[in-house]
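Trainee: My questions all concern the structure below.
The values are calculated or read from the model by the stated rules, or taken from the named source; none is laboratory data. Remember, it's a predicted structure, so these values are computed and weren't measured experimentally. Cβ sites come from the backbone with ideal geometry, for glycine too, and all protein chains shown count toward neighbours. We work out accessible area using only protein heavy atoms, side chains counted, and drop any ligands, DNA or RNA first. Shrake-Rupley method; radii C 1.70, N 1.55, O 1.52, S 1.80 Å.
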Amino acid sequence: MRIAVAKEIEVCERRVALVPDIVARLVKQGLEIWVEAGAGERAFFNDAAYEAAGATIIADSDRLWSEADILLKVSPPQEREDGRSEIDLLKEGSVLISFLNPLGNPVIAQKLAARKVTALSMEMIPRTTRAQSMDALSSQASIAGYKAVLIAAASLPKYFPMLTTAAGTIAPAKIFIMGAGVAGLQAIATARRLGAVVEAFDIRPAVKEEVQSLGAKFVEIKLDEETTAAGGYAKEISEASKKRTQEVVTEHIKNADVVITTAQVPGKKAPLLVTEDMVKQMKPGSVIVDIAAEQGGNCACTDPGRDIVAHGVTIIGPINLPSSLPVHASQLYAKNLTSLMQLLIKDKTVDVNFADDIIDAACITHAGEIRSTRIKEALQTVTSAVS
Ligand code: NAD
């Protein structure tokens with residue numbers, strides 16, 4: 001059985017699906033690993049390192065895609081420059097494991113099903129204790145939270161820590177983090193390490209203790225509705241609750257030097273948390289880093305992929321932050337993939353066992369069918385909007 005690592009063609013994707021250390025472990029288990037020539041280059045893993053780990057380097061990309069039994073990727077498959085779809089290069093019955101964004105782009109599931117590919121989407125891995133080692137959303141979100149704080153610190157025209165110097169005392173920067181999930185919690189930890197005073201807010205009250213244990217103050221807003229959905233994710237909240245939270249957070253945003261927004265609701269556009277009016281009330285020179293930029297942004301002024309200045313506030317809308325730390329992002333992602341493959345490979349052959357809750361949740365297409373009701377519904381919404 002052949003496992004292949006494809007080279008990412010997305011311009012801003014620097015990560016690679018497997019790193020040489022992990023390749024060596026898989027080769028030791030008797031698995032054949034193919035790596036597309038140059039696949040690890042942008043993450044600083046060269047072909048020689050993969051070869052030394054026991055992989056075969058394949059220069060012919062079409063061959064790698066069409067002869068793989070399991071094809072591993074980071075970003076979803078794309079159209080190539082010559083107009084050919086990468087999905088069409090896969091052989092029928094093969095397995096694709098990658099981020100696939102099937103709720104945001106359900107058409108991809110339709111194409112994979114038509115190609116009779118067994119596709120496992122890394123976004124669909126359940127957030128359970130057993131699946132923790134495969135949870136790529138968490139491993140990558142944590143990087144995004146860390147990097148967002150570094151970007152904010154580099155853009156703020158002030159120190160983060162309190163300093164007592166002969167020339168006077170510098171007050172610490174005030175950071176307000178909105179959304180205290182995996183990225184938000186890592187942002188809190190990073191900002192605290194840099195000496196800032198940190199406040200955080202989330203509509204899920206369950207995160208209060210985690211926020212406090214990291215040394216930040218939790219901004220508590222009592223809402224008259226359930227805000228947590230199945231799986232521990234946030235629910236989309238009512239207009240009344242949105243208004244109530246906006247009233248309270250405005251005061252905290254006004255006082256902050258840095259606002260980092262990380263709020264997301266799976267399968268939906270990111271909620272609007274910072275209105276233009278709130279931006280106007282911020283101090284000149286303040287910084288907003290909007291990690292949710294790719295999902296539409298939590299700030300009304302965010303321009304995804306760009307740094308802008310609006311009303312004296314620098315607003316940064318980074319795209320694919322994990323890719324900006326490609327060495328560790330790839331290392332962690334590779335570990336997530338191999339943990340998942342342990343459930344998928346029995347006696348060196350692919351065994352798709354739907355009795356396993358992780359495989360059942362992550363596998364979005366098999367034998368020509370889309371397996372998830374949520375993806376089918378999302379597809380219906382897209383196709384009815386087009387017709
Ligand atoms: P996410 O990226 O979907 O969202 C980020 C955060 O935004 C969440 O904390 C969410 O509550 C918050 N949010 C959404 N709407 C908001 C709003 N209007 N205002 C303020 N905040 C808002 O979430 P995530 O970081 O991927 O984590 C989601 C959940 O999964 C969390 O409960 C996390 O603890 C849990 N989780 C569990 C495991 C596990 O048990 N193995 C692993 C990872 C995550």
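Results for (1) at pLDDT 95 or above; (2) closer than 24 Å to Val350 by Cβ; (3) surrounded by 15 or more Cβ atoms within 10 Å (Cβ to Cβ), shown as yes or no for each residue.
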residue: Val5; (1), (2), (3): yes, yes, yes
residue: Glu32; (1), (2), (3): yes, yes, yes
residue: Glu51; (1), (2), (3): yes, no, no
residue: Asp69; (1), (2), (3): yes, yes, yes
residue: Val74; (1), (2), (3): yes, yes, yes
residue: Arg80; (1), (2), (3): no, no, no
residue: Glu86; (1), (2), (3): yes, yes, yes
residue: Lys91; (1), (2), (3): yes, yes, no
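Trainee: Out of (1) more than 11 Å from the ligand (Cβ to nearest atom); (2) open to solvent by less than 60 Å² (accessible area, probe 1.4 Å); (3) under 23 Å from the mean Cα position of the chain (by Cα), what's the single condition that is false for Gly195?
Mentor: Condition (3) is where Gly195 drops out.
Trainee: Another question, if that's okay. Can you pull out the residues in the stretch 261-275 that are assigned to a loop (DSSP other than H, G, I, E, B) and either away from the ligand (no atom under 12 Å from the Cβ) or more than 20 Å from the chain's Cα centre (by Cα) (or both)?
Mentor: Selection gives Thr275 alone.
Trainee: Among the numbered criteria (1) touching a helix residue (DSSP H, G or I) at 6+ places or on another chain (Cβ under 6 Å); (2) open to solvent by less than 40 Å² (accessible area, probe 1.4 Å), which single criterion is violated by Arg115?
Mentor: Status for Arg115: all satisfied but (2).
Trainee: In the stretch 225-258, which residues are in contact (Cβ under 8 Å) with a residue 60 or more places away in the chain, away from the ligand (no atom under 12 Å from the Cβ) and open to solvent by less than 30 Å² (accessible area, probe 1.4 Å)?
Mentor: Ile253, Ala256, Asp257, Val258
Trainee: Picking from Lys222, Lys217, Lys280, which residue would you name as being farther than 27 Å from Thr381 by Cα, more than 12 Å from the ligand (Cβ to nearest atom), surrounded by 14 or more Cβ atoms within 10 Å (Cβ to Cβ) and more than 19 Å from the chain's Cα centre (by Cα)?
Mentor: The match here is Lys217.
Trainee: Given the condition assigned to a loop (DSSP other than H, G, I, E, B) and away from the ligand (no atom under 16 Å from the Cβ), answer yes or no: does some residue in the stretch 117-135 qualify?
Mentor: yes
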